[in-house]
Amino acid sequence: MNATPPVPPPPTWEDLLTAALLGTDRRTPPGTPPGRTAPAALLDAAAAETVRRRAGLRPGRAAPLPEPAADDPRPELPTAAARRLALLLADRPGTGTGGRRGTAPDLRELLPQWLTVVNARGFAAPAESLPALLDAARGRTDLRPAALEFAGPRALWLARLNPDWRFALRATPGGHTVPPGPEDARRTEKLWQEGLFAERIGLLAAIRSRTPDAARELLAATWPTERAEDRLMFLDSLRTGLGPRDEPFLEQALADRSRNVRATAAELLSALPGSALAARMAVRAGACVAVDHTRNTPTLLVEAPHECDAAMERDGVSAKAPPGRGERSWWLGQLVEAAPLATWPTRLGGRTPEQIVALPVADDWLDELHAAWCRAAVRQRDADWSRALLGAPSAPGAGGPGAVSLAERSKLLSTLPAGERAEWVAGFIAMHGLSEAFQLLGVCAVPWAAPLGRAVVDALNIARDAGSYPWSFSGVMGLAERCLHPSEAARLDGLLSVPDEPEDASPGAGGYWAEAFQRLGTTLRLRALMTEELGNFSPSGV
């Protein structure tokens, strides 16, 4: 009696996958004859194997549903503004390699402005826009603070479900829209003791903005056990709300084992004109500068320190000068920078800051001395000294290197009221043009005040008449699109014609300028429309 031949085992999933990749003309699964029916047999075998594999799996337990997202109590965005948001979020960076931008506004640059306005109005983001809004914030770190503020608590709920949006959880303490309140001491303590560094720094900053003393006490409790790099970042958060009550803690930090921590503590103490460190620095700096009355014109004499002793180093003076810098001038600059500016009128004969700055300085110390006073004026937010060091914008030296650089001037301007700042920069542009004004424009309040806006448009028109290309002023044009008041659009209409080009003009420059002015005007009108779309209603009163 013949034995029944053994039944071949069914093909494995790997056999079926190999046959599918190579093709049934080259290979068939075990038990499948070659030929025209092989492809169908392969698919049948794959279907049977799929059922078999699934039948062998035990069903998993259903995952618990996530908690519902927190409610956003803010009012809904108006319909027209919601449509605008969708258009702004749909715009993506182009694939071009540069060149002419055309006349269309750059929507990617308008999105940050739109977010600033909508946050000031206090509206909530539409739920359907949140994924695109989080994607935009993921790709552009400059958007994150405004985008997350607008997105609100529902964005954080989504971020917990999508790893691509985890940055939103790191941007706020513990992934919450607000830090623990004063009454929630237990959660505050737990987050401070166990949280990630980003969560702890966010928590400290939030508490500092609300209750400065509580933040300092929280930091002091764990200060000895913190890492040096963490101590530096934590200490930097004390700039917010800095006051005399912080002095004892900062004085202790002057003895820290980290040089960078000591330097930061000294900088913060020097920003407190009434601190003991400021008094010590006043004595040291005052011993280095005096008025020589033996000359025909009173002149400042400078005697820089001959050594940097241990007491100076403890107070934040760095003993080692950077390459190319003399040690004595390096020490002098640090002493003058840290000394209270109120020291100098008393020390120098009761003169005002303007009179002191106007005095000649012997032995080529002028640049070093004035640069240190600039840093002191910025650190101490002293508007009187800033005005004196800035001088008149029409002064011949204002546009050149001079004793005070343009970078230093921009910092000095930041200490002045917004209107005065804009007026000074407008005068500077009227006298010196736009070529050196970019840094100064960047510190002016937005939208630019009318005198400043007129000065910028007039200077651009002068540059066009001179025959240069508009992209020579691309930085200023970009700022103008973001910062000019929309009312300036009407003035730009008169600049859209292509003027006759002078003989020495760059070829085609007139056409490029007309295109640039048209884009600028279109952008300003679009900005005005975007604001109108938010309606007259302002939930936050803005």
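Collect the residues in the range 317-333 that are touching a Cys at 6+ places or on another chain (Cβ under 7 Å) and surrounded by fewer than 19 Cβ atoms within 10 Å (Cβ to Cβ), keeping them in residue-number order. Step through it out loud before you land on a result.
As a first pass, look at the range 317-333 and keep what is touching a Cys at 6+ places or on another chain (Cβ under 7 Å): 317, 319, 331-332.
Of everything in the range 317-333, just one residue is touching a Cys at 6+ places or on another chain (Cβ under 7 Å) and surrounded by fewer than 19 Cβ atoms within 10 Å (Cβ to Cβ), namely Ala319.
Ala255 - would you say it is in a loop (DSSP other than H, G, I, E, B), more than 26 Å from Leu366 (Cβ to Cβ) and small (Gly, Ala, Ser)? Answer is yes for this residue. Listed by position, the helices (runs of 4 or more DSSP H) inside the range 140-243 whose residues that are modelled with pLDDT of 90 or more number at least 1 are 144-151, 153-159, 185-194, 197-210, 212-222, 228-236.
Residues in the range 461-501 that are of a type in the set (A, V, I, L, M, F, W, C) and closer than 19 Å to Arg525 by Cα: Val476, Met477, Leu479, Ala480, Cys483, Leu484, Ala489, Ala490, Leu492, Leu495, Leu496. Within the range 339-383, being under 16 Å from Leu412 (Cα atoms), open to solvent by 20 Å² or more (accessible area, probe 1.4 Å) and of a type in the set (Gly, Ala, Ser) holds for one residue alone: Ala383.
For the range 24-50, the set of residues classified as of a type in the set (A, V, I, L, M, F, W, C) and free of Cβ contacts under 8 Å to residues at least 12 places away in the same chain consists of Ala40, Leu43, Ala47, listed by residue number. For the range 243-257, give me each residue that is of a type outside the set (Phe, Trp, Tyr) and closer than 17 Å to Asp315 by Cβ. Selection gives Asp246, Glu247, Pro248, Leu250, Glu251, Gln252, Ala253, Leu254, Ala255, Asp256, Arg257.
So, restricting to helices (runs of 4 or more DSSP H) that lie completely within the range 277-370, which ones have at least 3 residues that are touching a residue at least 12 places away in the same chain (Cβ under 8 Å) and more than 25 Å from Ala265 (Cβ to Cβ)? Even if it seems obvious, please write down each step before you answer.
Numbers: elements: 310-314, 327-338, 343-347, 353-358.
Correct list: 353-358.
The values are calculated or read from the model by the stated rules, or taken from the named source; none is laboratory data. Predicted model only: the values in this text are computed from it and were never measured. Cβ coordinates were reconstructed from backbone atoms using ideal geometry, including for glycine residues, and neighbour counts include every protein chain displayed. We work out accessible area using only protein heavy atoms, side chains counted, and drop any ligands, DNA or RNA first. Shrake-Rupley method; radii C 1.70, N 1.55, O 1.52, S 1.80 Å.
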